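Inspection log for the structure reproduced underneath, given as structure tokens.
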Amino acid sequence: MLFRFESKGERNADIDSSFEKFMGSIRYLDVEYAKTIWIELTPLMMQDYFLDIRLQKYIASAVGKCMEFYKELAEKGQRFYMDGLYNCVNALYSYYDCILDSQIEVSRELEDCVAEAKVFHNYEIRNIWN
């Protein structure tokens, strides 16, 4: 729907607000299902619409909240939380890389989120950034 509104030139605060609410609700989903959402969202987040600096903060906020939510149980070896954390950080990596490749300004919120994601002690998650 966002792409349809965008193509009609109807980009406005209501659309941004809906997107913010959607991104913010991911952490409340059952982790068994939420862990796969990040895989599905990754190609969508590469679209020009989502690279905008205004939307970067919503994505950074959603990723940051999910990382925080998944981290503790993932560190205790809970499989779904580990998968969710990995997929979430991998989506962040792909999104951030796309922004850098596009030479678009990176928001402070996104830079902070990336910095936080780079310091996880898990080998697989740290390896995403190498």
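Name the single residue that is nearest to Met46 (Cα to Cα) among those in the range 74-130 being assigned to a helix (DSSP H, G or I) and among the small types (Gly, Ala, Ser).
Taking the range 74-130 as the starting set, the residues that turn out to be assigned to a helix (DSSP H, G or I) are 74-75, 79-102, 108-117, 123-128.
Keeping just the survivors that are among the small types (Gly, Ala, Ser) gives 74, 84, 91, 94, 102, 115, 117.
Numbers: Ala74: 27, Gly84: 20, Ala91: 10, Ser94: 8, Ser102: 10, Ala115: 20, Ala117: 19 Å.
Restricting to residues being assigned to a helix (DSSP H, G or I) and among the small types (Gly, Ala, Ser), the top hit is Ser94.
Restricting attention to the range 48-100, which residues are farther than 19 Å from Met23 by Cα and modelled with pLDDT under 95? Answer for the range 48-100, where residues must be farther than 19 Å from Met23 by Cα and modelled with pLDDT under 95: Glu72, Leu73, Ala74, Glu75, Lys76, Gly77, Gln78, Arg79, Phe80, Met82.
Let me confirm something: among Lys65, Lys71, which residue is within 13 Å of the chain's Cα centre (by Cα) and either part of a loop (DSSP other than H, G, I, E, B) or among the basic types (Lys, Arg) (or both)? Spell out the reasoning first.
Details: Lys71 fails: within 13 Å of the chain's Cα centre (by Cα).
None of the others qualify; the one that does is Lys65.
Scanning the range 101-110 for residues that are at pLDDT 95 or above and either aliphatic (A, V, I, L, M) or surrounded by 13 or more Cβ atoms within 10 Å (Cβ to Cβ) (or both) gives Val106, Ser107, Glu109, Leu110.
Starting from residues that are surrounded by 12 or more Cβ atoms within 10 Å (Cβ to Cβ) and out of contact with any Lys or Arg (no Cβ under 6 Å at 6 or more places or on another chain), keep the ones in the range 121-130 and report whichever is farthest from Asp48 (Cα to Cα). Residue satisfying both the conditions and the ranking: Asn122. Scanning the range 72-92 for residues that are within 15 Å of Val119 (Cα to Cα) and surrounded by fewer than 17 Cβ atoms within 10 Å (Cβ to Cβ) yields a total of 2. For the range 32-47, taking the residues that are over 13 Å from Tyr95 (Cβ atoms) and surrounded by 16 or more Cβ atoms within 10 Å (Cβ to Cβ), the one that is modelled with the highest pLDDT is identified as Ile37.
The values are calculated or read from the model by the stated rules, or taken from the named source; none is laboratory data. Quantities reported herein were computed from a predicted structural model and do not represent experimental measurements. Cβ: placed from backbone, ideal geometry, glycine included. Neighbour counts: every protein chain shown.
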